[in-house]
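> My structure is below; once you've seen it, I'll send some questions.
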Amino acid sequence: MAADPPGAARPQHQGTTGAGRTDERETIGAGHMGERETIGAAARAPVAWWRRRSLRFRLTASASAALAVALGAAAWLLVGVLGQALVDSTDKIAYQRARDVVALADDGRLYDPVAVSDGTIIQVLDARGRITHVTLGTDRLVPLVSARERGSAPSDGRGRFVDGDPYGIPGPLRVVILRADHGRTVIAARSFKDVADSLTTTVHMLVVGTPMLLVLLGAASWVIIGRTLRPITALRRGAAEISGTARAHRLPVPEARDEVQELATTLNDMLARLEAAEASQRALVSDAAHELRSPLASIRLQLEVALGHPEGQEWRETAEDVLEDTLRLSRLAEGMLTLARLDEHRRPVRWLPVDLAELIGATADRYDQAVVKVTGVEPAVVDGDALDLGRVLVNLLDNAVRHAGSRVGVELRAARGEAVVTVTDDGPGIPEADRERVFNRFTRLDSARSRDDGGAGLGLAIVRETVRAHGGSVHLEDADPGVRAVVRLPLSRSVP
């Protein structure tokens, strides 16, 4: 068999090499991604650890860190200002002594040795750089400052540091150079060792004392913050003691007039509202169960009698009675669903301009014209849901017709940015003490309960919740005779 030519195998090797390099690049890329994820997780770890700490710990740590920065800055500033002040004081004394020597030299009253009582070192050099006058015990051969440094020395008396060890003087020297007549130079020097030792001692004290002060302030902050957070701990314990069956308890209110007291007061108000809402829900469930029990019991009794004695039963009459009770249940369920929707305080979906005059006319036409009369209508347009507002009118008219003696009047007025709808009947009226109570759910006065066609006590409750959802108000007032229901709704701003 013939051998393959050399070039025939190259594509295969090249493909394999390319695949290998691709795999290698993917492996390297995956490795870099893993490293970045590890670095990111490591960077997030301190933040997560910090967030898991208690509020007391975080406040104390933050306060201690701020104190550490403040104390460090204060210590650095103290050392800097104190050192500069000591340097300026030393330069001032040396400059004054040099000025005195210059004055004596210019007057020809300078003697050797120079008499200085405060320990200042004086050297007087002539124009050729030779030392002519010195203080007692000062080197007469070597000047404290070289000729080059003397030539560049400022003339305003500012000092410079010179090492004193070569001259047998321990520690640094602070030197001031002044010019005198005839080319003479006056060098005044003062030892800076005592000052440097004082600064070193001060730095050591600050290095040791600042951490101790920081620890003391941190401990004080821990105690103070703990005492400050104690009312919050009391609130937490009080909240833990409140259970679903012990809602009447209240959280402890601290005596201090601060944000914690406002928080406790707000939470207690919230608990009071929750308690009132729970009581309202319990009353609603109880009243609903009471209202449902009667028609269900009636339906059950009629069906049991009909099934027990089928031979003498009027099935059509039984079916009509059962249908009447079923319709009562349907109206009750519809009313409860309407109230449940209104309790969510949601704005109606169909929020459009509604012509109240047209709505009142269409609603009143459903009733006996001899009983329900529209006495006056003015143009008025409001924003809202036409179906909900129509239900308000129907409930008010049904209630008025049910209790009216012979007449029900409907009126619409528009004034001061409001549409005012009144429904008046000439019935027995409602006592003033009960005019607000009738808007509660399942509330019916004795006169209404005695009627066979009395409602479930949800009509006026639906009226109030619907009107409130539309930004209005409703109340009852004396019509003498009868009662007048007054509904106020804001006029639409989109319609002139």
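Bear in mind these aren't lab numbers, they're just calculated from the coordinates by the rules spelled out. All values reported here derive from a predicted model rather than from experimental measurement. Here the Cβ positions follow ideal geometry from the backbone for every residue, glycine too, while neighbour counts run over all protein chains shown.
> Once you place label points 7 Å from the Cα toward the Cβ at Arg316 and Arg53, how far apart are they in nm?
Once both label points are built, they end up 8.8 nm from each other.
> Here's something else I'd like to know. Note down the magnitude of the dipole of the range 259-298 about its Cα centre, charges +1 on Lys and Arg C-beta and -1 on Asp and Glu C-beta and zero elsewhere, to the nearest 20 debye.
320 debye
> Another question about this same structure. Multiplying the sequence separation of Ala357 and Asp118 by 0.36 nm and subtracting their Cα-Cα distance, what value in nm do you get? Could the numbers behind the result be given before it?
Numbers: separation 239, 0.36 × 239 = 86.04 nm, distance 10.97 nm.
Here the answer is 75.1 nm.
> Extension gain Ala289-Arg493, at 0.36 nm per residue separation less the Cα-Cα distance, in nm?
Numbers: separation 204, 0.36 × 204 = 73.44 nm, distance 4.32 nm.
Extra length available between Ala289 and Arg493 comes to 69.1 nm.
> Right, here's the next one. For the pair Ala239 and Val69, what calculated FRET efficiency results from E = 1/(1 + (r/R0)^6), where r is the Cβ-Cβ distance and R0 = 45 Å, to the nearest 0.05? Mind dumping the intermediate values first?
Numbers: r = 37 Å, r/R0 = 0.83.
Once the sixth-power term is evaluated, E becomes 0.75.
> Still on this structure, please answer the following. Which distance in nm do the two modelled labels at His475 and Arg140 give, with both placed 7 Å along the Cα-to-Cβ direction?
According to this spin-label approximation, the distance is 11.6 nm.
> Extending each Cα 7 Å along its Cβ direction at Gln281 and Thr200, get the distance between those two points in nm, one decimal.
Taking the two extended label points, one gets 7.8 nm.
> Related question: Round to the nearest 0.05 the FRET efficiency obtained for Ser298 and Leu337 when R0 = 25 Å and r is the Cβ-Cβ distance.
Details: r = 22 Å, r/R0 = 0.89.
Here the calculated transfer efficiency is 0.65.
> Something else about it: Could you sort the peptides 60-70, 462-472 by per-residue average Cβ neighbour count (10 Å cutoff), highest mean leading?
On the way: 60-70: 14.5, 462-472: 20.1.
Order by mean packing, descending: 462-472, 60-70.
> Relative to the compact globular guide of 2.2 N^0.38 Å, what is the alpha carbon radius of gyration of the range 238-344, as a ratio? The partial results should precede the final answer.
Numbers: Rg = 24.1 Å, N = 107, 2.2 N^0.38 = 13.0 Å.
My calculation over the Cα atoms of the range 238-344 gives 1.86.
> So, one more: May I ask you to list the GluC sites (Glu not before Pro) in the range 212-277 that are in a DSSP loop and have at most 15 other Cβ atoms within 10 Å of their Cβ?
Values: sites: Glu241, Glu255, Glu259, Glu262, Glu275; in loops: Glu255.
Sites meeting the loop and neighbour criteria: Glu255.
> Further question: Could you give P(r) for the range 60-154, binned at 5 Å from zero, as whole percent values over all Cα-Cα pairs?
Per 5 Å bin, starting at 0, the Cα pair percentages come out as 2, 11, 15, 17, 14, 8, 6, 5, 5, 5, 5, 3, 2, 1, 0.
> So which trypsin sites (Lys or Arg not before Pro) in the range 83-191 end up in coil per DSSP with only 16 or fewer other C-beta atoms within 10 Å?
Working: sites: Lys92, Arg97, Arg99, Arg109, Arg128, Arg130, Arg140, Arg148, Arg150, Arg158, Arg160, Arg174, Arg179, Arg184, Arg190; in loops: Arg109, Arg128, Arg130, Arg140, Arg158, Arg184.
When the trypsin sites (Lys or Arg not before Pro) of the range 83-191 are filtered for loop state and at most 16 Cβ neighbours within 10 Å, Arg109, Arg128, Arg130, Arg140, Arg158 remain.
> On to the next question. Taking the Cα centre as origin and putting +1 on Lys and Arg beta-carbons and -1 on Asp and Glu beta-carbons, what dipole magnitude results for the range 117-274, to the nearest 20 debye?
200 debye
> Val79 to Met212: FRET efficiency via 1/(1 + (r/R0)^6), r the Cβ-Cβ distance, R0 25 Å, to the nearest 0.05? Walk me through the numbers on the way to the answer.
Working: r = 18 Å, r/R0 = 0.70.
For R0 = 25 Å, the calculated efficiency reads 0.90.
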